[in-house]
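Inspection log for the structure reproduced underneath, given as structure tokens.
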Amino acid sequence: MGAKYYVTTPLYYVNAKPHVGHAYTNVIADCMARYQRLRGADVFFMTGTDEHGEKIKKAAHQHQQEVKPYVDSVVEHFTALWEMLDIGYDFFIRTTDQFHQHAVQEVIRRLDRNGDIYKASYRAFYCVPCESFWTEPQIKETEGRCPDCRRDLQEFEEENYFFRLSKYEPWLKSQLREHPDWIRPQVRYNEVRGFLENNPLEDLCISRPRSRVSWGVEFPLDPEYVVYVWFDALLNYISGAGYLTDPDRFGRVWPADVHFMAKDILRHHAVFWPVMLRALGLPQPKVIFAHGWWKFEGEKMSKSRGNIIDPRQIIPQLGGGREDESSSGVDALRYFLLREVPIGMDGNYSWRAIVNRMNSDLANDLGNLVYRTINMTEKYAQGLVSGISSPLPESFAGVFATVKSEYPRLMDQGDFSNALAQVFEFVRLMNKYVEERKPWELNKAGRTDELGVFLYHLLEGIRVVAVYLSPFIPGTARTIFRQIGIDSSLLARQGALEHADWHADGSFHVHKETPLFPRIDVD
Ligand code: ME8
């Protein structure tokens, strides 16, 4: 059994259906989970939904539904999308799960026993048209107006419960100083440090009176209150790993190896969450990774702006009706998201960009290589090729060695785009190899042995490429394995990265199918 690896995504709000932005984080987390499994880790991958708060209740009422049936129906949209996108999570947590709510309440009792919770007056601001509440720091940038609609706000004051965040400020600062790789990428680490330098940490208000927020976890110290939704939601990372319910499992799984999210919620994960863990006496997550935003027509894609792209609408338009269970559209989207932008940067979503990526990398380079190789194997070798001590050809050596050393290094850093670029160097090299060796001439000249070795090199190279691509486009990797006559269940096995080594004595019994990816007209 390899080392454990625990990877998480945020819990998404269920006030609307998921869009490409949510798909992005889950594809990233899934790619990392699959890669870690490939290199032998015992992976625990968790995702889920954030279901409390007035925002959710309001959405339910807008749909003329009671809250619970409404959230249940939205959760189904998330799980259906994850299934469609081949997201292989191990556990799906909902903040309405009973075990999670109990954990939240128990955490508050523990923090209270430690003297980390107190009751005090809370000053906040209310936006009547938006029905939203804001605190003073939140409205600093908008000069006292609502950050959403820019209208005037009404000030109010109420009693609430606070968590002593400020007490932990010196600890948090030293934690950051001592762990420069803790928050990634570097620009986000700098942002959190800068924030802490310029803003003294204020205690966090962790309750809301029932009179204005009724849909939430009951505050265990006072039934007149519910728990602040962020305090509730962040605790999923430990409750879902077995904190309180399964101490053995929790001991094995915690701390998380990486929390993935976008930069919008970095502060919650890099300030509130570490302090909550510290106050509970628990170890810190190893990495907090904040990726960039997908934008559409220049603006961040978001449900409140209404400029969202629904993956379930675009996938069928990218699908080519491949003869297998997974459509090429799913992998085209996964590939685009992982390849198009380096992980920390913002990306611009457009139909043109996704189709161009699919046509050039997936249809032209990869699809063409696989199709022509299988075609030639059927034509020149009756579909059957064996390697008899066929070492790596010299012309592959340089690129092969680079992929072998760079791939794990880049993947470990979450640099998926460059890891893919390396693998595709190899794909392009093999296409070039076909042009250079001119197999049709070898065939004409009756040089059958040379032709066999040549085909073996390509098939073995394709097999290795499929192993490397399996975390990114798992359905395609399985299809490639099937087409070249290898058991595709190998790819899902812990430690399957060892299959990326060159095998000098393998054999392939190929089976031609439709091309892996269709070429699509951009306009
Ligand atoms: O914040 N580009 O939930 P949320 C990239 N419930 N990623 C995007 C994106 C975009 N345009 N839009 C959304 C919440 N995301 C809380 C989290 S965690 C304990 C609680 C992704 O539904 C990205 O991961 O608003 C972002 O951080 C998250 O969705 C926000 O999801």
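Descriptive notes on the structure:
- Scanning the range 234-253 for residues that are over 17 Å from Ala29 (Cα atoms) and either more than 23 Å from the chain's Cα centre (by Cα) or open to solvent by 10 Å² or more (accessible area, probe 1.4 Å) (or both) yields a count of 10.
- Filter pass, Asp264 being more than 10 Å from the ligand (Cβ to nearest atom) and surrounded by fewer than 16 Cβ atoms within 10 Å (Cβ to Cβ): no
- Of the set (1) under 30 Å from the mean Cα position of the chain (by Cα); (2) of a type outside the set (S, T, N, Q); (3) under 30 Å from Tyr168 (Cβ atoms), all apply to Asp72 but (3).
- Within the range 189-213, no residue satisfies the criterion of being of a type in the set (A, V, I, L, M, F, W, C) and open to solvent by 80 Å² or more (accessible area, probe 1.4 Å).
- Yes/no for Ala120 being touching a Ser or Thr at 6+ places or on another chain (Cβ under 9 Å) and among the hydrophobic types (A, V, I, L, M, F, W, C): no
- Out of Ala59, Ala16, Ala33, sole residue that is away from the ligand (no atom under 15 Å from the Cβ) and of a type in the set (A, V, I, L, M, F, W, C): Ala33
- Being in contact with a helix residue (DSSP H, G or I) (Cβ under 6 Å, 6 or more places away or on another chain), within 9 Å of the ligand (Cβ to nearest atom) and closer than 30 Å to Pro170 by Cβ is a property that does not hold for Trp294.
- Complete set of residues in the range 11-46 that are within 27 Å of Gly251 (Cβ to Cβ), out of contact with any helix residue (DSSP H, G or I) (no Cβ under 6 Å at 6 or more places or on another chain) and part of a strand (DSSP E or B): Asp42, Met46
- Restricting Gly251, Gly242, Gly216 to residues that are within 16 Å of the ligand (Cβ to nearest atom), modelled with pLDDT of 95 or more and over 25 Å from Glu169 (Cα atoms) narrows the list to Gly216.
- Test: His291 is open to solvent by 30 Å² or more (accessible area, probe 1.4 Å) and not aliphatic (A, V, I, L, M): no
- Test set (1) more than 16 Å from the ligand (Cβ to nearest atom); (2) over 28 Å from Ser304 (Cα atoms); (3) surrounded by 12 or more Cβ atoms within 10 Å (Cβ to Cβ) - Tyr225 fails condition number: (2)
- Residue check, Lys4 over 19 Å from the mean Cα position of the chain (by Cα) and either open to solvent by 10 Å² or more (accessible area, probe 1.4 Å) or at positive phi (or both): no
- Candidate set from the range 405-432 (those that are open to solvent by 20 Å² or more (accessible area, probe 1.4 Å) and small (Gly, Ala, Ser)); member that is nearest to Arg339 (Cα to Cα): Ala421
- From Ala332, Ala279, residue being farther than 20 Å from Ala80 by Cα, at pLDDT 95 or above, more than 15 Å from the ligand (Cβ to nearest atom) and buried (at least 16 other Cβ atoms within 10 Å of the Cβ): Ala279
- Neighbours by Cβ (under 7 Å, 6+ apart or cross-chain): first from the range 255-282, farther than 24 Å from Val43 by Cβ; second at pLDDT 95 or above and of a type in the set (Ser, Thr, Tyr): Val275/Tyr168; Arg278/Tyr168; Ala279/Tyr168
Per-residue answers, yes or no, for (1) in contact with a Leu (Cβ under 7 Å, 6 or more places away or on another chain); (2) open to solvent by 40 Å² or more (accessible area, probe 1.4 Å):
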residue: Lys68; (1), (2): no, yes
residue: Ala80; (1), (2): no, yes
residue: Asp86; (1), (2): no, no
residue: Thr95; (1), (2): yes, no
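- For the range 49-66, the criterion of being within 30 Å of Pro342 (Cβ to Cβ), assigned to a helix (DSSP H, G or I) and either in contact (Cβ under 8 Å) with a residue 24 or more places away in the chain or touching a Pro at 6+ places or on another chain (Cβ under 8 Å) (or both) is met by none of the residues.
- Test: Val370 is in contact with a helix residue (DSSP H, G or I) (Cβ under 7 Å, 6 or more places away or on another chain) and open to solvent by 20 Å² or more (accessible area, probe 1.4 Å): no
- The range 36-56 - residue that is β-branched (Val, Ile, Thr) and touching a Lys or Arg at 6+ places or on another chain (Cβ under 7 Å) and, of those, farthest from the ligand (Cβ to nearest atom): Val43
The values are calculated or read from the model by the stated rules, or taken from the named source; none is laboratory data. Not measured: the values here are computed from a predicted model. Neighbour counts are summed over all protein chains in view; Cβ atoms, including those assigned to glycine, are modelled from backbone coordinates with ideal geometry. We work out accessible area using only protein heavy atoms, side chains counted, and drop any ligands, DNA or RNA first. Shrake-Rupley method; radii C 1.70, N 1.55, O 1.52, S 1.80 Å.
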